[in-house]
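Have a look at the structure below, then the notes.
The values are calculated or read from the model by the stated rules, or taken from the named source; none is laboratory data. Source: prediction; values computed, not measured. Backbone-built Cβ (ideal geometry, glycine too); neighbour counts: all protein chains shown.
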């Protein structure tokens, strides 16, 4: 049998079928283009690319941006003016923001919002107006272009924003100082009403995604059981995943959701969702749910394992040890992919070390095969 | 209404996360001339303790801890003016910060609130705090404990930088160092020479209480 391409491996595994080798890939946005990245790709590392299938148009809202000095720091203030009033957000941008990809600085950090869009109860009607005047229109060019460029080197996903309640929690109200929870306790009706308005406005986006050229729709929810507790997950998140998955599945698409936090407290609820791919699941020590347990609980799901940044922080030897332990834990390696990093740039040394372990991971994995990989790297097995 | 009924109402308002009820009960207690220290120590603090117990049993989550602390703050706003400069006993000082480059403060803030409830004096330096500012605060306030938080693996090494600087400036032996944040592991904490890595906010606060209590016994 001919060796599978990187794309075939990822898609096979994502459809719960066997690939020839354990698929491993790097996120385009974290990829350190250069000699190490090239070497790793030559040795089997794929690429995942996330691009949107839509463009956003906001009607009857004036949007302006100013550069200001606040407390001696440069902030960028974006003001949205509607017939109901204005709201604004302030953000600090790291050097490099807007100069390479997305809104990330040279060190791969996103802007820090020092003032959120929603500050008090008076902001809710204004934001609701903006939501109700937001239109999503299809634009498949970014995905088609990336697919053309990548070819068999990897996969292109259709990226979606945080789902409605997570948009409020992470983006618009923010969780600093527990602000979202306090708003949710103090102004439950305002939060619920806005959440429903966002959900309604996003429905056309799901339709657009379902017809997009991407095989996988990626919802970047950033689920962490510490922030999103089971009550919130069950009430606000699960119904939205059901709505999304129904449309996507009808068009043969898979739904992937970013869950890189401590999701142990949500594990039984996650099992009940129609999500196909749990993206960026971090095993202990960063996460709190071992991969073996997750696989056995979520029998209808595929896990893309996020390699923990806290292990990378300890250097290549720790990376090797953790990767070998991970392989031992996941034997025989079905329904799995490994992501080199889902949060930050990886050093060349760590990327090469992880590739050295994963490039030899032929499926189905056995303990003997992992021992052999360890021996080949100068280990003791 | 008797004093006990007001105290009960305060406890219940915190446990049920009721902003309106805590203010009403606190105002009522003050109007009745009930000792504000009693209101805090027998009404609000036990209310937070019940919330903590519920958190440990898995009935409440971080969101409830955060909101309960906020509800208590609303009650304290009513009661504090009646304290008339009376000092409450402090367990010790804690300097706490989110390290440079990191802007996450949810965990840090809940730890700060819970430490205050326990009776610590908390000097909260905020987020994105440079190493030199943390060192200066340790030198100035001479806390029993330094707490550092990071949510980004990118900023975790700053915790090591602070500990190294504490050693270089002969301050390390005078302060316990506790770390928190999702990516921070025991292995990492040990590798940089911290005293403890908090599993969660409550566990971290318990460790702080344990440290100062042990210190008091030695004294």
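Looking across the stretch A:241-281, the residues that are touching a strand residue (DSSP E or B) at 6+ places or on another chain (Cβ under 6 Å), within 15 Å of residue A:296 (Cα to Cα) and either free of Cβ contacts under 8 Å to residues at least 60 places away in the same chain or within 14 Å of chain B (Cβ to nearest Cβ) (or both) come down to A:278, A:281. Within 14 Å of chain B (Cβ to nearest Cβ), more than 26 Å from residue A:57 (Cβ to Cβ) and surrounded by fewer than 22 Cβ atoms within 10 Å (Cβ to Cβ): is that true of residue A:229 in this structure? Yes, satisfied. Kindly indicate the residue of the stretch A:86-110 that is within 14 Å of chain B (Cβ to nearest Cβ) and touching a residue at least 60 places away in the same chain (Cβ under 8 Å) and also surrounded by the fewest Cβ atoms within 10 Å (Cβ to Cβ) among those meeting that condition. Among residues in the stretch A:86-110 that are within 14 Å of chain B (Cβ to nearest Cβ) and touching a residue at least 60 places away in the same chain (Cβ under 8 Å), the one surrounded by the fewest Cβ atoms within 10 Å (Cβ to Cβ) is A:107.
The rows are residues; the columns are (1) more than 19 Å from residue A:302 (Cβ to Cβ); (2) surrounded by fewer than 20 Cβ atoms within 10 Å (Cβ to Cβ); (3) without any contact (Cβ under 8 Å) to a residue 24 or more places away in the chain; (4) assigned by TED's automatic domain parsing to the domain that holds residue A:40.
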site	(1), (2), (3), (4)
A:336	no, no, no, yes
A:346	yes, no, no, yes
A:350	yes, no, no, yes
A:366	yes, yes, no, yes
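Applying the criterion of at least 3 residues that are more than 14 Å from chain A (Cβ to nearest Cβ) to the helices (runs of 4 or more DSSP H) found wholly in the stretch B:122-219 leaves B:131-141, B:156-168, B:201-218. Criterion applied to B:169, B:155 was being closer than 30 Å to residue A:104 by Cα and not assigned by TED's automatic domain parsing to the domain that holds residue B:76, and the one residue passing it is B:155. Any residue in the stretch A:193-215 that is facing chain B (nearest Cβ under 10 Å) and closer than 20 Å to residue A:258 by Cα? No. Return the residues of the stretch A:308-345 that are more than 21 Å from residue B:190 (Cβ to Cβ), part of a loop (DSSP other than H, G, I, E, B) and either facing another protein chain (nearest Cβ under 8 Å) or within 24 Å of the chain's Cα centre (by Cα) (or both); say none if nothing qualifies. Those that are more than 21 Å from residue B:190 (Cβ to Cβ), part of a loop (DSSP other than H, G, I, E, B) and either facing another protein chain (nearest Cβ under 8 Å) or within 24 Å of the chain's Cα centre (by Cα) (or both): A:333, A:334, A:335, A:340, A:341, A:342, A:343, A:344, A:345. Here residue A:292 meets each of (1) in contact with a helix residue (DSSP H, G or I) (Cβ under 6 Å, 6 or more places away or on another chain); (2) more than 14 Å from chain B (Cβ to nearest Cβ); (3) modelled with pLDDT of 95 or more; (4) outside any loop (DSSP other than H, G, I, E, B) with one exception, condition (3).
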